[in-house]
Amino acid sequence: MSEEHSEDPTIVVKSSRFGDLTVPADSVIELPTGLIGFSRTQRFIMLEHKPPFSWLQSIDEPELAFVIVDGGEFGEEYVVEPPFGDKDIDLQEDDDFAVLVIITVRPDPKETTANLKAPVFVNLRNKKGVQIIFDHPALSTRFPLWAQDSQEGQEPSADSLQVGVDASSASENDSSSTEQD
Amino acid sequence: MLILTRKPGESVYLGDNVKITVVEIKGHQIRLGIDAPRDLRIYREEIYEQIREENRQAADTGTTSQGLDRLSSTWKGKSGGTSKVGKLSTSVPVEAGDGAKSSEEHKPTGDRAEKSDVVARRKKRSE
């Protein structure tokens with residue numbers, strides 16, 4: 001790996017958390033529209049932390065980094081439709097893609113949550129990504145990673161995902177809704 | 001802000017590709033129909049704001065990763081196969097803030113060969 005490393009172009013990413021990192025230039029993940037509320041930060045790299053966690057580190061802003069979990073960790077109940085045909089990431093039906101779920105870390109680990117409502121799809125063919133919101137009551141912005149009613153005592157797991165249960169979204173109590181016909 | 005008045009059944013074009021129609025008015029509620037390309041993302045404002053706020057809170061994660069370490073040590077995920085996120089990761093060891101171990105100390109299962117394939121593949125840039 002070290003021999004190839006000196007021939008492939010690299011870039012230096014400055015990170016407030018991890019220091020200066022030299023990474024292959026083609027490991028850059030580009031989000032043409034950034035993230036929602038962060039439209040100007042479009043270039044990122046992915047850094048593995050302890051499983052299942054990784055960091056999506058901004059190249060443009062050294063202090064900006066998001067904790068990520070692969071959407072597959074939430075099992076088959078976590079069903080989100082990939083944005084095939086999306087122009088930002090040019091996702092075709094036979095493209096392999098990753099579903100990145102953004103984690104909100106809170107000081108108490110038991111309150112750490114996953115945003116299942118707005119994952120980031122990354123086309124593995126071109127490393128372009130986009131954050132998509134699913135306006136569906138079953139998908140929470142704050143899915144707890146720490147199972148609440150495990151019988152063995154409290155343990156973190158993805159088991160508490162239940163379709164149809166959403167504690168966080170207040171909007172479904174009013175009569176406004178989104179329908180598709 | 002451009003203000004237009006429409007009656008039920010009347011529409012507004014946004015550019016050439018988006019049409020908004022007032023479908024029905026019932027009491028205080030207005031049903032809007034939107035014809036747009038499939039990849040145009042349309043969100044209710046409160047949902048959009050909710051995600052923006054959650055992203056903001058997620059970005060506020062400090063360097064303390066002890067919480068993550070604790071979650072990691074007893075994590076029971078459902079992913080049996082190869083993590084797709086692993087295919088995106090650079091093979092660079094990281095140490096975050098206080099006490100987090102570098103990623104070299106835990107090998108992702110079975111990903112190493114695929115990861116180097118991804119790193120070696122030429123990235124297509126469309127500028």
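When each of the peptides A:22-34, B:14-26 is scored by how many other beta carbons lie within 10 Å of its residues on average, the order from highest to lowest is A:22-34, B:14-26. Among the listed pairs A:128/B:84; A:50/B:87; A:14/B:76; A:50/B:84; A:14/A:87; A:117/B:19, those with a Cα-Cα distance over 22 Å are A:14/B:76; A:14/A:87; A:117/B:19. In this structure, the amide hydrogen of residue A:11, modeled 1.01 Å from its nitrogen in the peptide plane, lies closer than 5 angstrom to those of A:23, A:25, counting only residues at least 5 positions away or on a different chain.
For the peptide A:130-136, the mean number of other protein chain Cβ atoms found within 10 angstrom of a residue's Cβ is 4. Taking amide hydrogens as placed 1.01 Å from N in the peptide plane, the amide H of residue A:41 sits under 5 Å from those of A:35, each at least 5 positions away in sequence or on another chain. Legend: mean number of C-beta atoms from other chains within 10 angstrom of residue C-beta atoms, peptide A:60-73, equals 4.
Between residue A:117 and A:140, A:141, the built amide H atoms are under 5 Å apart, and every one of these is 5 or more places off in sequence or on another chain.
A short reminder: the numbers here are calculations on the coordinates, not readings from a lab. Keep in mind that what you see is a predicted model, and the values were worked out from it rather than measured. We place every Cβ from the backbone using ideal geometry, glycine too, and count neighbours over all the protein chains shown.
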